[in-house]
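The values are calculated or read from the model by the stated rules, or taken from the named source; none is laboratory data. The structure presented is a predicted model; accordingly, all values stated were derived computationally and were not measured. Positions of Cβ are generated from backbone atoms using ideal geometry, with glycine treated the same way; all protein chains shown enter the neighbour counts.
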Amino acid sequence: MTTAPTSALAVTGLNKAFGGVQAVRDVTFALAPGELLALIGPNGAGKSTCFNMLNGQLPPDEGSIKLYGHEIIGLKPRQVWRLGVGRTFQITATFQSMSVIENVQMALISHHRRLLSMLPFAGALYKDEAFALLDLVSMGAQAGRPCGMLAYGDLKRLELAVALANDPKVLLMDEPTAGMAPKERIELMQLTADIVGQRGISVLFTEHDMDVVFAHAGRVMVLNRGRLIAEGTPAQIRANAEVQAIYLGSGAVYKTDEDTAAGAAP
């Protein structure tokens, strides 16, 4: 009898070098079903490099990435997306000339593999599903507005709705609250936590705002110089002396190999 995998995402021995500089070193962790897991670290620690390997944008040099027990290394980002891995980015990427609902419809059309047959009826496709996703992120009232008119916090909510269009099992959120006001940050992460609870989605997110991390993450991992140096509950991470040194110590602590490799990255 086959045993079902206990991890939504299982990462083992992940390595990535740019030239002679090791940006990610032997990263191993597991993301549980329905877990809200934070990955933190100083700028250049390797967080975005890890994310880019997890969704297929960047091939690792070594390691394994399993989605519910199935190896996904070697798959293209679209293939990983179709298997149920969604992602939001630090800088929002929406179609500014389209309306809010049209952005979500485009994601749904792609998810349902209707791109080649969508014209001239795209505006009528998956409208109810799009409205439901917008309501989920409290954007239903702005469905008809052009994206170019939205406030930045609303763009972040829209991006979350778009990321949910493929009904993801795992959601990767790279700096989801970057550029937002403090109140908006708290609201967006509370919304994300509520969705995780409702849908059972596993979320891995990076974040620089420690108030957001400690308030919402169930577990926290700390990356520095490409290595995981600590893992535990928010309380354990807050009390960890090495983590305190990274965030409160001298500027030299923040200087990482990935900073040096930035110019060599593809």
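Points to keep in mind about this one:
- Residue within segment 119-130 that is modelled with pLDDT of 90 or more, crowded, with 18+ Cβ neighbours inside 10 Å and of a type outside the set (Gly, Ala, Ser) present: no
- Count of segment 16-72 residues, restricted to those that are at positive phi and acidic (Asp, Glu), is 1.
- Unique residue being of a type in the set (S, T, N, Q) and farther than 15 Å from Leu228 by Cβ when the list is Asn43, Asn15: Asn43
- If you filter segment 223-266 down to residues that are in contact with a Gly (Cβ under 6 Å, 6 or more places away or on another chain) and of a type in the set (A, V, I, L, M, F, W, C), you find that the one that is modelled with the highest pLDDT is Leu223.
Residue-by-condition table, conditions (1) under 15 Å from Val203 (Cα atoms); (2) within 17 Å of the chain's Cα centre (by Cα); (3) modelled with pLDDT of 95 or more; (4) not assigned by TED's automatic domain parsing to the domain that holds Ile246:
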| residue | (1), (2), (3), (4) |
| --- | --- |
| Asp26 | no, no, yes, no |
| Ala30 | yes, yes, yes, no |
| Gly41 | no, yes, no, no |
| Gln57 | no, yes, no, no |
| Asp61 | no, no, yes, no |
| Ile65 | no, yes, yes, no |
| Glu71 | no, no, yes, no |
| Leu75 | no, no, yes, no |
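- Scanning segment 229-247 for residues being in contact with a strand residue (DSSP E or B) (Cβ under 8 Å, 6 or more places away or on another chain), within 12 Å of Phe214 (Cα to Cα) and surrounded by 14 or more Cβ atoms within 10 Å (Cβ to Cβ) gives a total of 3.
- Yes/no for Val85 being of a type in the set (A, V, I, L, M), buried (at least 21 other Cβ atoms within 10 Å of the Cβ) and either over 23 Å from Arg157 (Cα atoms) or touching a strand residue (DSSP E or B) at 6+ places or on another chain (Cβ under 9 Å) (or both): yes
- Strands (runs of 3 or more DSSP E) wholly inside segment 1-82 containing at least 3 residues that are crowded, with 20+ Cβ neighbours inside 10 Å: 9-18, 21-31, 36-40
- Hey, Asp211 at pLDDT below 90 and either buried (at least 22 other Cβ atoms within 10 Å of the Cβ) or under 30 Å from Thr94 (Cβ atoms) (or both) or not: yes
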